[in-house]
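The values are calculated or read from the model by the stated rules, or taken from the named source; none is laboratory data. Because the structure is a prediction, the values reported are computed rather than measured. Because the Cβ atoms are built from the backbone with ideal geometry, glycine has one as well, and the counts that use them run over all protein chains shown.
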Amino acid sequence: MHSDTMFIAIAGNPNAGKTTAFNKYTGARQHVGNYPGITVEKKEGQTMLHGKQISLIDLPGTYSLTAYSLEEVVARKVLAEEKPGAVLNVLNAGVLERNLYLTVQLLEMGMPVAIALNMMDEARNQGLQINAVRLAELIGVPVVSTVARTGEGLETALEAAVTLAMQPTRPAPLVISYGQDVDEALLAMTPIIEEHQFLTTHYPARWIALKYLEHDEDILRQGLAANKEISDLLSAKVSTCAKHLEATLRTYPEAVIADYRYGYIASLLRQGVIADTRNQQNRIAYSDKMDRVLTHQIFGPLLMLGVLYAMYFITFKLGEYPAEWLGVAFEWLRGVADAALPEGPFKSLLLSGIIDGVGGVLGFVPLIMIMFLLIAMLEDSGYMARVAYMMDRVFRFFGLHGASVMPFIISGGIAGGCAVPGIMAARTLRSPRKRLATILTAPFMTCGAKLPVFLLFVGIFFEKNQTLVMFMLSLTGWAVALLTARLLRSSLIKGEATPFVMELPPYRLPTLSGVVIHTWERIWEYMRKAGTVILAISVLLWAGMTYPGISDEAAATFTSKRTAIEATMPEGDARKDALFAVSAEEASAALRASAAGRIGTFLEPITAPAGFDWKTNIALIAGIAAKEVVISTLGTAYSLGEVDPEENTTLADRIRNDSNWTKANAVALLLFTLLYSPCLVTLVVIKQETGSWRWSAFSFFFNLGLAFLVAVAANQILLLAAR
Amino acid sequence: MTTPVSLRTLQAGQAATIATVGAAGELGRRIRDMGLVPGAQVEVVGRAPLKDPVALRIKGFTLTLRNNEADFITVIPEQKE
């Protein structure tokens, strides 16, 4: 696969500067994708060293190589199956002991490892002296001091890795002692593995034995699939060893192995590698001081609210400008096409299907872009981890993660957000189940497109308490999202809570190198994958709202009405109004005769308990394309012509004077709009982020069903109360 | 030598040495991966606004874990001078 070019993998702990190094090496020559079927990012890139092309892969940041998380499984899979020529292991020099834990595991796997001892500037400033030469001697691999931020030492580090990769033979796996009991078990198991070449194409024999002792689910699964007999034999040896350890030391193999690994590292470091002359002025102390305020019992949450609000404000206020320019550009395009083309279905398709569809796709791009940049900054700075830390207690109750707060806020937790960037913001969550629960519940928030519907109906039916009712709607969104999350986490996405155990990295100034490229890749992916699907479906929806349309006779009636007006009325405003009224009536009739209209009419008996007639039904069906069009479709259905969602006084008057509208079904509509199916773009983004249409379908049907139940309940209760 | 107590009982600013890690499975693995092994020195840096999770200093970095996760770890508190 990588036979013609040299292939080097970059591995390391999260927050060790691994990605910074990768960005320095590759610059713009990188590509971010996903590993097949899962949401872990795959970053690949190219770099040149002395005229030679080198392929780099930035493995996901991991603390270990057990099968604890998807990241670890992925990292291990790349190492075992793609067999990089060498691994460049980036270490945070300030946290050497813990970082070496991964290094030891890489060496146990028999990988050729070169160490980049990174963040040496920070370590030096902390008064930490590390003897790189001594470390290299003791651990037996090349060690290069680096500062990835400035690029210091990076070339030398890569050279070291390349030199290793050019060796004809791979190094022997590191063998350390794990104490008498485990060592004996390893000795008994290794020959069996070797003899039967059990999984040995990918892994060293002793390592496989070690993984059996660690009860590594991934390897056990592979082993069972490869040769059940041998696997059972190994498992039997493991359980003998485990029983013995339990009986004599009241511990188990996995714990013993970890203890010995750390013991090995501690003994390395004691042999003159590290001289700790840290004073109180180090970065961690500095970070601690900041934390005293930023995670303070009272100021912490207050400041966090401020930061979250700022995130929201910047995303949507700043996003307004490019969105406006896009709007103007598309309005212009629409005008040109409108003037250039003859009336007819093709023009309608181009204007309402394609141009509006493309405009709809592109309209989200500025929001996504700003959101990704801001989140990258929050993550890089170390603040995101603090948000998770402070919010954990609250969100844990609902089966979510402290970091779920960010997607919720962006989706409309502060009314006016948008679920599209919101759902994408859930990428910051590492635990797959919590992430899924967040993605599925974020669309309940009050997004900006639901607001015009709320404002219209709240303005009509709750004139005196507008603010209060709007606030209650927002709160309902939160309550439903959190309770649904709790429900999902105890049913469909059940699973033992993943441990919270998390690093609070020291505060650092975010480096934006790489973030821009990364953001651009994400947007391109959205436009390419989501965009095409969205466009196709919006054309379908356009057809559904247009065809089959009214019969020729009906159309002829409208034409004759128009001719009659033109013949009898003098030219002037009155005639114009009369003609407009006929067109609006025709548009309403056409809408009712369209597929969507027929479905809306057909559904009338079903939606009657919620108090929705066919007009409301059509508007809500149209709203699945984008919630923005609920109002304008309602306007068409009421024969008012095109209604501007912001300027809807005529529609408001019509509804106010329509005896079919009561407070009861208005509340039902408000709640239904808040909770029902996410819009088309959101559904597509759910597919993109979860990797499965199943979750989009779930979101569609579940939210629809829930919204319907709530709407019926609200309507019936209020009707009873009004009696 | 004092008897080990639960990590949960430590006050902010208090230092201790880990005596045992009782967690098995995924949690145990995760705890050990982060360097919380017997013999390691820890210090409670602080607690979240709702008193849970707890932030610890260990091996030169800061780690957070929930109180119910800390329950699996026993420590020997350092004697205050």
message = List the helices (runs of 4 or more DSSP H) inside the range A:26-140, counting only whole elements, that have at least 1 residues being acidic (D, E) and crowded, with 20+ Cβ neighbours inside 10 Å.
response = A:70-77, A:96-108, A:120-125
key: Residue under evaluation A:G705, criteria (1) surrounded by fewer than 19 Cβ atoms within 10 Å (Cβ to Cβ); (2) of a type outside the set (A, V, I, L, M); (3) not in a helix (DSSP H, G or I), criterion not met   = (3)
request  = Mind counting the residues in the range A:392-405 that are modelled with pLDDT of 90 or more, of a type in the set (A, V, I, L, M, F, W, C) and either under 17 Å from the mean Cα position of the chain (by Cα) or buried (at least 24 other Cβ atoms within 10 Å of the Cβ) (or both)?
outcome  = 2
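Yes/no per residue for (1) over 30 Å from B:R47 (Cβ atoms); (2) at pLDDT 90 or above; (3) within 14 Å of another protein chain (Cβ to nearest Cβ):
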position: A:V293; (1), (2), (3): no, yes, yes
position: A:P301; (1), (2), (3): no, yes, yes
position: A:V307; (1), (2), (3): no, yes, no
position: A:M311; (1), (2), (3): no, no, no
position: A:E320; (1), (2), (3): yes, no, no
position: A:V336; (1), (2), (3): yes, yes, no
position: A:E343; (1), (2), (3): yes, no, no
position: A:L351; (1), (2), (3): yes, no, no
position: A:I354; (1), (2), (3): yes, no, no
ask   = Of all the residues that make up the range A:312-326, how many are of a type outside the set (D, E, K, R) and either at positive phi or exposed (fewer than 14 other Cβ atoms within 10 Å of the Cβ) (or both)?
value = 3
query = Mind checking whether some residue in the range B:10-20 is within 10 Å of chain A (Cβ to nearest Cβ) and not acidic (D, E)?
reply = yes
request  = Kindly check whether there is at least one residue in the range A:582-595 that is of a type in the set (D, E, K, R), in contact (Cβ under 8 Å) with a residue 40 or more places away in the chain and part of a loop (DSSP other than H, G, I, E, B).
outcome  = no
request  = Scan the range B:47-65 residue by residue and report those that are within 7 Å of chain A (Cβ to nearest Cβ) and at positive phi.
outcome  = B:K59, B:G60
request  = Name the single residue, out of those in the range A:688-700 being in a helix (DSSP H, G or I) and free of Cβ contacts under 8 Å to residues at least 12 places away in the same chain, that is surrounded by the fewest Cβ atoms within 10 Å (Cβ to Cβ).
outcome  = A:R694
ask   = Which number in (1) under 27 Å from the mean Cα position of the chain (by Cα); (2) of a type in the set (A, V, I, L, M); (3) within 14 Å of another protein chain (Cβ to nearest Cβ) marks the one condition that A:A11 misses?
value = (3)
query = Say we look at the range A:253-273 and pick out the residues that are hydrophobic (A, V, I, L, M, F, W, C) and assigned to a helix (DSSP H, G or I); which of these is nearest to the other protein chains (Cβ to nearest Cβ)?
reply = A:A258
ask   = A:T62 is checked against (1) within 14 Å of another protein chain (Cβ to nearest Cβ); (2) at pLDDT below 90 and fails just one. What number does that condition carry?
value = (2)
ask   = Of all residues in the range B:34-46 being aliphatic (A, V, I, L, M) and within 7 Å of chain A (Cβ to nearest Cβ), which is farthest from A:Y252 (Cα to Cα)?
value = B:V45
inquiry  = Residues that are more than 9 Å from every other protein chain (Cβ to nearest Cβ), in a strand (DSSP E or B), touching a residue at least 60 places away in the same chain (Cβ under 8 Å) and not hydroxyl-bearing (S, T, Y): does the range B:66-74 have at least one?
reply    = yes
Helices (runs of 4 or more DSSP H) contained entirely in the range A:368-430, each with at least 2 residues that are away from chain B (no Cβ under 14 Å) = A:405-408, A:419-425
